[in-house]
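Report on the structure given below.
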Amino acid sequence: GSVCQRLSQDFEFAYLLDSFEEERKNQLTIDTTQVFCRTKRGKKFIFIDVPGHEELLKNMLCGSSYADIAILVIDINKPIEQQTKRHLFILKFLGIEQIIMVLNKMDMVDFNEQTFEFLKGEIYKFSNRLGIKPEYFIPLSARHGENILKNSKRMPWYKGLSLFETLNRCFKKRINDDFRLPIQDIYAQDGYKVAVGEIISGAVKNGEKVKILPLNKKCSIEKIKAFNKKKFYAKVPESIGFILDDMEGLKRGQVICKPPLPKVTQEFLIKIFCIRSLNIKQNFRFRCTTQDTSGRIIRINRVWDMVNI
């Protein structure tokens, strides 16, 4: 509230998420912000607020790539804009299939059902062109708290779920439970070598056999260590240390895993989002978890033009 008074602005929830003074002054999000939440039933969410402006596409892509569900907030006062089309294209490009369309500022149109239905139809038509079939369209007033936690009495014509209830329905447990740990580094401790990293999926226990890829080496886990404590079991998303029965050749970028094993290859199909001109003859740096290696483009199969979507 004091920030809004100092900037002579009406209160907006965006000010709670925008950390930089420049963001608040210019009323735009520049960097991503993560907010950690937990429901009464213990379900955890991480909300990632990302910038939407064209000049900050790189920041939006980085933040959005971590998401399982997207909440696309659209101003009910405006027709479907190029920026909204671009956001939908990016979500499709990133493979985020669960998209909640929030039509905000319903208080500015007196919570009118016809205004909501018209814009919903326009968005639905464009979404279908991209192969996106959004299941949820929510009329909402963030400032007044309408349809956020519970259904709004000001919009009795809306028979769907509130935003919070929709998120609860969309939230699904990650399917991949196969054990994967990208090695971050190899440390020397008490005369032993310790492989450290964050478990990104699955679980493992002492004595289990694992494989190191792409080294293609079989090992057994002798000890699991966490902050100088011995553990017998570790699971996602713990950051942990492992002492294996054979530490020879282990280094950063390799992956400790259990069957079914990921495929090891030097050629794969990727999507590249270009924010500047691309010279396919140059070498590129490829980074995946802790792996960092050089690569080059063999051929381009298809080009999407985001300017004329």
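Checked against a 31 Å cut-off, the cross-linked pairs Lys85/Lys105; Lys43/Lys211; Lys58/Lys78; Lys44/Lys92; Lys44/Lys230 give Cα-Cα distances beyond that limit for Lys43/Lys211.
Loop-located trypsin sites (Lys or Arg not before Pro) in the range 92-185 (DSSP state not H, G, I, E or B) with no more than 13 neighbouring Cβ atoms inside 10 Å: Lys150, Lys153, Lys159, Lys172, Lys173, Arg174.
Using a Förster radius of 41 Å, what is the FRET efficiency between Gln282 and Glu222 based on their Cβ-Cβ separation? Nearest 0.05, please. For Gln282 and Glu222, the calculated efficiency is 0.40. The simple spin-label model puts a point 7 Å past each Cα toward its Cβ; for Ile69 and Arg169 those points are separated by 1.0 nm.
Quick check: net charge around His144, other residues with Cβ under 9 Å of its Cβ, Lys/Arg +1 and Asp/Glu -1? Charge balance in the 9 Å sphere: 0. Normalised per residue, the accessible area of the range 118-224 is 59 Å², obtained with a 1.4 Å probe and no contribution from ligands, DNA or RNA.
Sorted largest first, the principal axis extents computed over the alpha-carbon atoms of the range 187-260 equal 29, 26, 21 Å.
Each Lys and Arg contributes +1 and each Asp and Glu -1, all at the Cβ; summed about the Cα centre of the range 207-304, the dipole is approximately 320 debye.
Pop out the carbon and sulfur fraction of the accessible area of the range 174-234 as a percent, whole number, probe 1.4 Å. Carbon and sulfur atoms account for 52 percent of the accessible area of the range 174-234.
Taking the Cβ of Tyr187 as the center, what net charge do the other residues with Cβ under 14 Å away carry, scoring Lys and Arg +1 and Asp and Glu -1? Computed value for this residue: +3. For the range 141-193, applying the loop criterion from DSSP together with a ceiling of 15 other beta carbons within 10 Å to the chymotrypsin sites (Phe, Trp or Tyr not before Pro) yields Trp157, Phe171. Pairs from the table (Lys133/Lys281; Lys193/Lys258; Lys209/Lys235; Lys133/Lys263) lying more than 27 angstrom apart at Cα are Lys133/Lys281; Lys133/Lys263.
The values are calculated or read from the model by the stated rules, or taken from the named source; none is laboratory data. Quantities reported herein were computed from a predicted structural model and do not represent experimental measurements. Note that each Cβ is placed from the backbone with ideal geometry, even for glycine, and that neighbours are counted across all protein chains shown. The area values use the complete protein model at the heavy-atom level, side chains included, leaving out ligands, DNA and RNA. Shrake-Rupley method; radii C 1.70, N 1.55, O 1.52, S 1.80 Å.
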